[in-house]
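Below is one structure, written out as structure tokens; the observations come after it.
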Amino acid sequence: MVTGKNVKELVGLIIGKAKACGADLAGVASVRDLKRSPSHAISERMPEFDGVGTKDVQGRQRGVVKWPERARSAIVIAAAHPSEKPEMDWWVTGASAGNTAGNRLLMGTVSELASWLEKEQGIQCFKLPYHIEHGGIYMKDAAVFAGLGCIGKNNLLITPQYGPRIRLRVMLTDADLPSAGAADVDPCEDCPMPCRIACPQDAFEERIYFPEEYGQKKLPGRNGGYNRLSCNRQMVINQSDFEEVEIENRQDLGKQVKYCRECELACPAGPKSSIGGIA
Ligand code: SF4
Ligand code: SF4
């Protein structure tokens with residue numbers, strides 16, 4: 001059981017352990033806060049989206065999170081995906097687990113961290129899948145509350161250390177831990193938005209969500225100007241452009257897809273950047 005006295009120490013220990021297990025960044029957010037965060041608050045009112053990455057699960061409304069009853073905090077971990085290692089992001093169907101090298105790394109980190117929390121700290125963990133319909137949560141919101149960065153005008157999490165070139169994974173726990181709180185970073189404020197210009201589908205062109213409609217100012221793409229149907233169009237094109245690749249311990253070939261990252265790779269934010277990076 002976590003008491004007020006040792007909370008800070010425990011959070012420090014968790015972050016240190018997550019990094020020792022392979023995370024590049026880690027933070028903690030309270031489930032109470034997350035339930036009120038922009039994506040979770042808006043999810044029931046968003047139009048149903050049936051694109052790449054969504055799942056049909058009986059009895060579940062697409063995009064709506066189902067929280068485990070005993071979950072009190074979220075541990076968010078991030079792995080850097082630098083532009084010089086594009087293979088970390090290549091998606092392979094038929095591979096054993098994780099589909100990308102980066103995702104396998106994150107899953108390994110979460111497993112090791114969960115095992116340490118349960119065995120050595122007596123904290124119950126709920127390892128979450130990626131898809132909301134299978135039990136996942138909105139990871140970018142969790143990362144903001146955990147103090148990892150802010151949501152950029154490319155609708156991605158922007159971190160001072162790696163810009164948007166990171167991938168996230170979240171695990172819930174039954175420990176009542178506080179949110180680190182939003183980091184004081186906003187690289188987008190005076191940026192000429194190369195992220196939006198780079199989009200091959202003009203996904204940021206049109207404002208399609210409005211504060212009056214959703215009752216909150218924090219909207220997809222920050223100002224409501226992000227159309228995931230347009231982005232999905234590009235994902236479908238990328239899928240049709242697959243390459244056949246060999247998969248370890250399998251006779252048949254897998255399909256490797258290189259999904260679009262233009263809005264991510266065009267963003268200059270990150271280390272040594274004059275816009276919201278760390279020197
Ligand atoms: S390119 Fe500029 S506006 Fe776009 S996400 Fe990066 S910092 Fe923000
Ligand atoms: S991933 Fe590609 S298609 Fe989707 S919003 Fe970014 S740049 Fe546009």
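Ranking 113, 124, 187 by how far each Cα lies toward the positive end of the dipole of the chain (charges on Cβ) leaves 124 at the top.
Given a 1.4 angstrom probe, I'd like the percentage of the accessible area of segment 101-230 that is carbon and sulfur, rounded to a whole number.
Working: 3060 of 5940 Å².
Roughly 51 percent of what the probe reaches on segment 101-230 is carbon or sulfur.
Measure up 19/140; 66/255; 35/217; 17/119; 85/218; 127/255 against 25 Å on the Cα-Cα distance and list the ones that go over.
Over 25 Å apart, Cα to Cα: 66/255; 85/218; 127/255.
In debye to the nearest 20, how big a dipole does segment 4-265 give about its Cα centre with +1 on each Lys and Arg Cβ and -1 on each Asp and Glu Cβ? Spell out each step's value before the answer.
Working: 34 positive and 35 negative charges, 151 e Å.
About 720 debye.
A simple count of charges around residue 73, restricted to other residues whose Cβ falls under 13 Å of its Cβ and scoring Lys, Arg +1 and Asp, Glu -1, yields +1. Surface exposure of segment 4-265, expressed per residue as accessible area with a 1.4 Å probe, stands at 52 Å². Between 267, 15, 103, the Cα set farthest toward the positive side of the dipole of the chain (charges on each charged residue's Cβ, about the Cα centre) is that of 15.
Here's the picture: charge each Lys and Arg Cβ at +1 and each Asp and Glu Cβ at -1 in the chain, and of 75, 223, 163 the one pushed furthest to the positive end of that dipole is 75. Helices that extend 27 Å or more along their long axis by alpha-carbon positions and average at least -1.0 on the Kyte-Doolittle scale are, among the DSSP H runs of the chain, 101-120.
Ranked highest first by the average count of other Cβ atoms within 10 Å around their residues, in what order do 132-142, 238-248 fall?
On the way: 132-142: 21.4, 238-248: 11.9.
Going from most to least packed, we get 132-142, 238-248.
The values are calculated or read from the model by the stated rules, or taken from the named source; none is laboratory data. Source: prediction; values computed, not measured. As a convention, Cβ positions derive from the backbone with ideal geometry for all residues, glycine included, and neighbour counts pool all protein chains shown. Just the protein is used for accessible areas: all its heavy atoms, side chains included, with ligands, DNA and RNA removed. Shrake-Rupley method; radii C 1.70, N 1.55, O 1.52, S 1.80 Å.
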